[in-house]
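Following: one structure in structure tokens, then a few remarks.
FYI, it's all coordinate maths here, none of it is from the lab. Note that the coordinates shown come from a computational prediction; the quantities given were computed from them, not determined experimentally. Cβ placement follows ideal geometry from the backbone for every residue including glycine, while neighbour counts extend to all protein chains displayed.
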Amino acid sequence: MSQWLEDVHAIEFRVDLLTATNWVTTAGIQLAHLRRSKALSGNARLPIIFTVRTVPQAGKFDPADLQTHADLVKWAHFWGCDYIDLEITTLSKEVLQNLLTFNHNLTGTHTIIGSYHDPSHKHGWTSSTEFGDLFKSTISLFQEHDHKGIVKLVGAALTLQDSIDLEVFRSRYPSKALIAINMGPHGKISRVLNRFLSPVTHECLPAIAAPGQLTASEIIQLRQGLGLD
């Protein structure tokens with residue numbers, strides 16, 4: 001594990017990739033195993049991103065199991081996860097409001113990542129208002145609950161132009177905590193240009209977790225080669 005965690009700033013715990021009948025019990029056990037392994041590898045303080053990714057958003061979790069989804073998000077707080085991913089179009093507005101209130105009332109720092117993934121290229125970064133509207137509504141939700149959250153928007157690049165459009169979008173929100181990347185080979189450049197919690201893989205892992213994903217070392221080398229760092 002020490003190799004996998006080289007040059008990274010957080011580790012993502014993908015709950016949806018587990019095999020479970022009792023999701024809360026299984027997730028809690030596996031999270032404890034992850035923390036032990038993290039400590040043994042000398043990375044005890046590395047933050048954990050708790051993620052329940054649904055099928056329509058390039059994950060494995062049933063989008064209809066809304067109660068379990070919300071329960072897992074609450075348990076992620078009790079388990080002390082540093083970052084908690086929250087799909088902003090899967091759960092209802094009322095549930096999102098309740099979860100942000102729940103977050104606000106708890107002791108400790110649990111940063112919400114309001115996320116949206118568009119793996120089928122339904123929306124363009126500049127040709128539609130979808131990404132912009134989602135960004136603004138998520139920021140508004142955070143502000144309403146006095147929460148310094150993060151917005152994560154993921155598209156799919158069919159051409160290089162899609163990633164150019166993404167950078168135009170990113171330039172509109174330079175001071176915000178924004179993760180914005182494209183999936184696919186044409187989206188690799190967006191992973192290099194994104195400077196905040198870019199999802200990465202490692203050379204030792206058997207497969208990448210998403211189309212176009214790069215290793216941390218590849219991103220570092222490319223950024224240095226382009227004079228970005």
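Overview of values
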read-out: Positive-end residue of His202, Thr51, Gly149, charge dipole of segment 11-225 with Cβ unit charges; value: His202
read-out: Net dipole in debye of segment 11-225 [+1 Lys, Arg Cβ; -1 Asp, Glu Cβ; about Cα centre; nearest 20]; value: 580 debye
read-out: Segment 17-33 and segment 46-84: distance between their alpha carbon centers, rounded to Å; value: 11 Å
read-out: Centre separation in Å (Cα based) which lies between segment 160-174 and segment 95-122; value: 24 Å
read-out: Reported label for calculated Kirkwood radius over Cα pairs in Å given (i) 17.5; (ii) 18.3; (iii) 19.7; value: (ii)
read-out: Extreme residue, positive dipole direction of the chain, given options Val24, Trp75, Ala39 (C-beta unit charges); value: Ala39
read-out: Normalised contact order of segment 174-229, rounded percent, pairs of Cα under 8 Å and 6 or more residues apart; value: 32 percent
read-out: Straight-distance crosslink candidates among aspartates and glutamates, where the alpha carbon sits under 18 Å from Lys93 and sequence neighbours closer than 8 are dropped; value: Asp65, Asp71, Asp85, Glu130, Asp133, Glu144, Asp146
read-out: Length released on extending from Phe78 to His9, taking residue separation times 0.36 nm less the Cα-Cα span; value: 22.6 nm
read-out: With at most 10 other Cβ atoms within 10 Å, longest stretch of the chain clear of loop trypsin sites (Lys or Arg not before Pro) (DSSP); value: 149-229
